[in-house]
Each structure stands twice: as C-alpha cells, then as structure tokens.
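Right, one structure below, let's go through it.
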Amino acid sequence: YGAPGVEFMGLHEENNTVMQIHFIPDQCQLVTLLDDNSLHLWSLKQHSGASELREEHRFTLKGPPGSPPSATQITAVLPHSSREVLYLGTESGNIFVVELPSFRVLEDRTITSEAVLQRVPEDYCNRRSCELVEALREHPKNPDQILVGYSRGLIVLWDLQNNKVTHHFLGSQQLENLYWQRDGSKFISCHYDGSYTQWPVSSDNRQPEPLENLVPYGQLASSPSSIPGFSPLLSHHLLTPRLQHPAETVGEDYQCWEQAEHSLLEYGMAALNVHVLSPSFQVLVMELNDEDAEHVVDHAEADLLQDQEGYRWKGHEKLKTRDGPVRFEAGFQPFVLVQCQPPAVVTSLALHSEWKLVAFGTSHGFGLFDHQQKRLVFVKCTLHPSDQLALEGPLSRVKSLKKSLRQSFRRIRRSRVSSRKRRGGGGNASEVQEANAKFDQDALQEMELAPVQRKIEARSAEDSFTGFVRTLYFADTFLRDSSRHCPSLWAGTNGGTVYAFCLRVPPAERRMDEPVRAEQAKEIQLMHRAPVVGILVLDGRSTPLPEPLEVAHDLSKSPDMQGSHQLLVVSEEQFKVFTLPKVSSKLKLKLTALEGCRVRKVTVANFGSCKTDDYSENDLAVLTNLGDIQIISLPFLKLQIRYPCIRKEDVSGIASCVFTKYGQGFYLISPSEFERFSLSTKWLVEPRCIVD
C-alpha cells in the first residue's frame, strides 16, 4: 500500500464515526475503533477479481457488572509487533490486553492504574491521578517494553515481562501524543498547548529530566532547536521554526492569519513537487536524501521592488535566518532558502527539474532562481502605480476590510433611522417591520455581487492587486523566431498581463561555470484585463508540452518541435489561443456572461478510452466559481461536457479542489474529509486492486 492507484475499501454496517485505524504488522489486516466503542478486525480478501477489505470480527470491551462506561471506554490502541495481541488504553487509566484474532480478553495481563502508581513519587500521586490513557507506543528496539502516556502528563515505560514500571516521566502539561526516536534512546511528548518535550531514556533507571521544552511557533520563546530523528518527512509547520525564528515585529495574530491563507491540501501538493509554498514569504528548495544529513541551508534574497521610487513596504520585516548547520532526517531535506523582499506571501511557483530552475511570484512581482548554482537569475516587478494596497501587508488589508464592512452596516442603520423619521413614526407595527425587512434585503443586495448578476466588463488598470502573480510556466518553445526554440519562462498576473522571458541555460558540461541568462521577449495585455489563471504551450501536434522529468525517464513522448507551436492563455473569463512566435490571436472561447461564470482552476487531463488502450486525448478540465466542471477540447476550444460538481455556496470546497492528470479530482468537504470524483470513464473511483 502507498503506491499510486493502490486502494481498498471497506464499509462498516454501523453508521458510526471511525475514530482510529491501526495496521496489524505484516498481516494484511487492520483494526478500526468506532465512536460506539466497538473494535472491528478487517482482512484483505479477493473477491470478483479484486481485493477488498472484509470484516472478520467485531468486539466491544465489557467491564464488570455495575462498572461505569468510562471503565472500558477505549482511548488508545496498540497492535503489538508479535501480531498476537492488542493493548487497549481506556478512560479509567487501565490497559486491557485482547488476543488476536479472537478478541478474547486476557484478564491476567491487564495493566491497572494502581500498579502503575506504585512506582510513581507519592507527592505526584497525591496531586494527580492517572486519568485516561492518551497514548501507547511500543519500544522500537525492545518489544517487551511499551510507553504509556496519561492525559495529565504522566508517562511510564512498562516492562511486559516483569509487569512493572522501569522509568517514569513527570510531565506538567496535558498530554496529546507520544513518538519514539528510531533508536529508542529518547522520545517526544506532545501537549495540549502546542508544546512538545524531548525525554531521554537512560539505562540506569534514574529519573530523567526533559532535554528540551519547545513552545508553539508564534509564542516567540528563544530560537527553537532542531529535533533530529523523529519523523521520516517533516511537515512544513515543523520545518519553518527549525530554519529561522521570527523577528520581534511579527506577532502571533499575524501568523495565524497567514496560516489561514493556505489550505493543508495546498501544502501537501507543494511538498510533493519538492518545493514549498510558504506563508513565511520564502521558497524552500528540497532534495531527496535517503540518509540523515547535517548541513547549512544556503540563503538568498530576492528584492522584487528593486529600489523603485514611489513604492514603500508598510508591512512587517522579513524573518531572520538561522545561522549554522541544521540536522535533517532522511527524506526531503532543504538545501537553499530564497526570501522575498518585501516579505509578502508567495502566490505561485514553478519548478523545472532538468534546468535546475525555480520561479516564484508574489503580489509584487516574480523572480527566477538557479538552485544548482544557488544564484538569483532575475526579478521582475509587476506593480502598477495604483497597487498601493499590495504594499500594506495582510494585517492592514484585514483592517481595511473590517472598516469597510463596519461603514456599510452603519450606513444601513442610518438609512433605516432616517426612513423611520420620514415616516414620522406612523403606521402600524407590521408595516414598519415589512418596510425594514425590504430595506435590509435591498441593502444587502447592493453589498453582494451575486454570480448570476455579474457582467463581464473591461477592468481598469487602476484596480488594486493588478501585479499579483497568479501563474508561472516553463516551456521549451519558439519565442523569438520559428527556426530556433529555446527555454522560456511565462508569468500571468491578476491584471491580465502575460510576460515571456527567453532563457539561456548552459549545457551540462558548462552548467556550473556559466550563469543562466534571461531576457524579456514578449508582453501580452488581455483586453479585459481579467486575471490570468493558466498558461500552456501546445506542440506541433497540438499536444500540451509534457513534463520534462517524465520525458527524461521515458514516461511521456518527446514534444513535436517540427511544427508550429501555439500558446493558450486562460483568464478567469475566457480561453485564448495565440500563434507562436508572432503571438497573434488565433481563436478564443468566452465563458457565458449571463451566468457570471469565472474560471477558478484549470489543468490538462488525459482521457483514455475505456475500450482500447490505443486511443487517448488531452482536454482542459476547468472548475468554475459556480462549482461546475467543464471539459474543453484542445486545440479547438470546444465545450465537450459540463458536470455539476460542488455547490456554488461551498467556497472552501471550490478553493481546495485539485485535479489529477488522468481526470480525477479531490476537494475538501470538511477540514478533515475530502470528496473524490472522476471525469474519466477509464479511471473510475471504484478501487480495483489485488494483493497476493
């Protein structure tokens, strides 16, 4: 499991929430815990040519007659590596042991809270009871020892052979979880307030003291320390404080606001592309290393304003970088950090793995960085003189929004009062109530721009945020003349402008000796100035240029460089094809103005035939602000079909939606759940996998 396309499905008969899932080691089995306190054992079985999860047993832990439900309410589950038993932590603090696969309770092996407290200092016992079991973790090197964490902070190492506590750790904060270091020499405890602590496990049984107490990022203790050896892939949130600590200008409220600007799904997709879209105004370039490493993360700065007159950043200062080497676990390891100046949120990224280049954009402009030579190639400022709001910083924008909303509602109240005065207070109560209701409705309609009422009109260059960079795209195409193709970088902005730069990338044998050079070759201004959300180059066969990494590994066909290329520019309101290299308009498709339809997401999807492997076609999959998905043919821009997918009121669902390259998609239906859909008849959502 874990490979692309491998998935299995099982459905509980009960309509209850699944609280926990745990794999039984090396058994093709897993255990689920539902919110009705029932345990379910699942096995992978073959049925009708595919493997499916089939429920083998179900079990509910029962206490002695007259005992309260909390006595057996399961809070933690540990499948032991012996594959013979489950350890079940409960609200009462007791740990029950059940046999697999029968779920028979082994009463003589129960670990009671009383037995645990016998080895804990008396003054601690007087102050705190064990309360519920929050976490159970088997020692990574010794299967006869398990780490037990209780909710009030007590942690003990329990010897299964001798039925006794060998070590105890006295925490002072409410416990959330525990994680071992791989060699078993220390572990981390995670706490309710966001802090976490490293604890050493000594061989002489002496009472250990915590190695480090780390507070949540944003509460600005001293510079956070590195934490080696605890997670195979570090999350973005853990990575950020390891590399720098925030300057005293940066407050917790501001960071919370910035974190909210990006969904977790976007973080995940960015990490998979080996670069991180950061709310901390920086780009991290990472490489995959199968060994632990300790090295200095190189640092570069990109000044997007380039000391232009008339522009002054009113937001916070950039974060301070951390000096000295940092230790990283095996996995994706950062090796260079690019900080944008002004320190605004990175809004777009593009990575070319063969050219060793990464492009990044903000609300002020975009830049190109050579991560092989660790050198900034160029920056381009895209600000318009009217874009002063882009220089305010996020907090100022929030304050401006709140202020405008307050002013709007004050106007509504004042208008309501004045209308009452004009009526002289006359009329019965029902007439007044009806008039007020009608006024409220009219006022709110003035404040709202409903999608179905929106007309597509040319936008003014004076609109704010026209320089906001929405999309970046690398292409090897014909930009200067029709006889020679060259590497290029394309950028699209919120104001409907497309910039194209010719790049000169030295050959491999001179790649480290000669610099990458860039020169602006084209600038296109869309008439309606609608935001550019997608840029695509079609080769001589009218096929989208493939991913260079896939071509290098023979996973995609090389592009046709003999015929003429075409440029597709997707704005929020239309699709337009240009010839290359002249960049003359060839054809376009406008979205229906009456519906107020706007493009939110667009990607190229390959649709294969469900009847033969010899045929497939590339089309555009387009998600609109109305929540529907349109399939548009390439290169003729014909609407093939339209599907209603997401409710138009579900703003977060539309914002979180992502497409796969074969016509499937995902979107969030809650902060912790996603919906999956397929637009392709070949790649259905139904799981069809086999495990031998």
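The values are calculated or read from the model by the stated rules, or taken from the named source; none is laboratory data. If you're wondering where the values come from, they're calculated on a predicted model, not measured in any experiment. Glycine also receives a Cβ, built like all others from the backbone with ideal geometry; neighbour counts cover every protein chain displayed. Note: areas computed on protein heavy atoms with side chains; ligands, DNA, RNA excluded. Shrake-Rupley method; radii C 1.70, N 1.55, O 1.52, S 1.80 Å.
Remarks
- Within the stretch 73-101, being crowded, with 20+ Cβ neighbours inside 10 Å, farther than 23 Å from HIS139 by Cα and out of contact with any helix residue (DSSP H, G or I) (no Cβ under 8 Å at 6 or more places or on another chain) holds for no residue.
- Taking the stretch 365-381 as the range and being in contact with a Phe, Trp or Tyr (Cβ under 6 Å, 6 or more places away or on another chain) and over 16 Å from THR347 (Cα atoms) as the test, only LEU376 passes.
- Looking across the stretch 506-545, the residues that are in contact with a Pro (Cβ under 6 Å, 6 or more places away or on another chain) and either surrounded by fewer than 20 Cβ atoms within 10 Å (Cβ to Cβ) or without any contact (Cβ under 8 Å) to a residue 12 or more places away in the chain (or both) come down to GLU514, SER542.
- Among the conditions (1) acidic (Asp, Glu); (2) outside any loop (DSSP other than H, G, I, E, B); (3) not assigned by the TED database to the domain that holds SER348, ASP554 misses just one, which is (2).
- Qualifying positions in the stretch 281-295 - open to solvent by 80 Å² or more (accessible area, probe 1.4 Å) and more than 25 Å from the chain's Cα centre (by Cα): GLU291, GLU294
- Identity of the residue in the stretch 643-657, among the hydrophobic types (A, V, I, L, M, F, W, C) and part of a helix (DSSP H, G or I), that ends up least open to solvent (accessible area, probe 1.4 Å): ILE654
- Residues of the stretch 272-304 that are part of a loop (DSSP other than H, G, I, E, B), of a type in the set (A, V, I, L, M, F, W, C) and modelled with pLDDT of 85 or more: VAL296, VAL297, LEU304.
- The stretch 154-183: number of residues that are in a loop (DSSP other than H, G, I, E, B) and open to solvent by 40 Å² or more (accessible area, probe 1.4 Å): 8
- Pairs meeting the criteria (first residue in the stretch 87-105 and in contact (Cβ under 8 Å) with a residue 40 or more places away in the chain, second residue acidic (Asp, Glu), beta carbons under 7 Å, at least 6 apart or on different chains) are GLY93/GLU131; LEU100/GLU84; PRO101/GLU56.
- Only listed residue being aliphatic (A, V, I, L, M) and assigned to a strand (DSSP E or B), chosen from ALA135, ALA115: ALA135
- Looking across LEU479, LEU472, LEU536, one residue alone is aliphatic (A, V, I, L, M), touching a Ser or Thr at 6+ places or on another chain (Cβ under 7 Å) and at pLDDT 95 or above. It is LEU472.
- For PRO506, the criteria (1) more than 32 Å from the chain's Cα centre (by Cα); (2) at pLDDT below 90 hold in every case but one, which is (2).
- Residues being at pLDDT below 90 and crowded, with 16+ Cβ neighbours inside 10 Å - total across the stretch 14-28: 1
- The stretch 599-628, subset under 19 Å from PRO531 (Cα atoms), in a loop (DSSP other than H, G, I, E, B) and in contact (Cβ under 8 Å) with a residue 40 or more places away in the chain, residue most open to solvent (accessible area, probe 1.4 Å): LEU626
- Evaluation of GLY393 against (1) modelled with pLDDT of 90 or more; (2) in contact with a Phe, Trp or Tyr (Cβ under 8 Å, 6 or more places away or on another chain) (one fails), failing number: (1)
- Residues satisfying the stated conditions in the stretch 48-72, i.e. in a strand (DSSP E or B) and exposed (fewer than 11 other Cβ atoms within 10 Å of the Cβ): none
- Of all residues making up the stretch 1-13, the number that are farther than 25 Å from SER82 by Cα and exposed (fewer than 13 other Cβ atoms within 10 Å of the Cβ): 7
- Conditions (1) among the basic types (Lys, Arg); (2) open to solvent by 90 Å² or more (accessible area, probe 1.4 Å); (3) farther than 26 Å from THR347 by Cβ; (4) in a strand (DSSP E or B); number of the one not met by ARG688: (4)
- Among the conditions (1) open to solvent by 10 Å² or more (accessible area, probe 1.4 Å); (2) in a loop (DSSP other than H, G, I, E, B), LYS45 misses just one, which is (2).
- Some residue of the stretch 29-36 being in a loop (DSSP other than H, G, I, E, B) and open to solvent by 10 Å² or more (accessible area, probe 1.4 Å): yes
- Any chance TYR192 is in contact (Cβ under 8 Å) with a residue 24 or more places away in the chain and either within 35 Å of the chain's Cα centre (by Cα) or under 16 Å from THR90 (Cα atoms) (or both): no
- Unique match (being touching a Cys at 6+ places or on another chain (Cβ under 9 Å), over 24 Å from VAL148 (Cα atoms) and hydroxyl-bearing (Ser, Thr, Tyr)) among SER43, SER92: SER43
- Residue in the stretch 102-114 that is at pLDDT below 90, closer than 30 Å to GLN161 by Cβ and either buried (at least 17 other Cβ atoms within 10 Å of the Cβ) or touching a His at 6+ places or on another chain (Cβ under 8 Å) (or both) present: yes
- Looking across LEU589, LEU568, LEU580, LEU549, one residue alone is in contact (Cβ under 8 Å) with a residue 12 or more places away in the chain, open to solvent by 70 Å² or more (accessible area, probe 1.4 Å) and of a type in the set (A, V, I, L, M). It is LEU549.
- Cβ-Cβ distances below 7 Å connect the following pairs, each with a first residue in the stretch 629-653 that is touching a residue at least 60 places away in the same chain (Cβ under 8 Å) and closer than 30 Å to PHE578 by Cβ, a second residue that is open to solvent by 20 Å² or more (accessible area, probe 1.4 Å) and assigned to a loop (DSSP other than H, G, I, E, B), and a separation of six or more residues or different chains: LEU634/SER542; PRO635/SER542.
- THR543 being under 14 Å from ALA475 (Cα atoms), more than 29 Å from the chain's Cα centre (by Cα), of a type in the set (Val, Ile, Thr) and not assigned by the TED database to the domain that holds ALA500: yes
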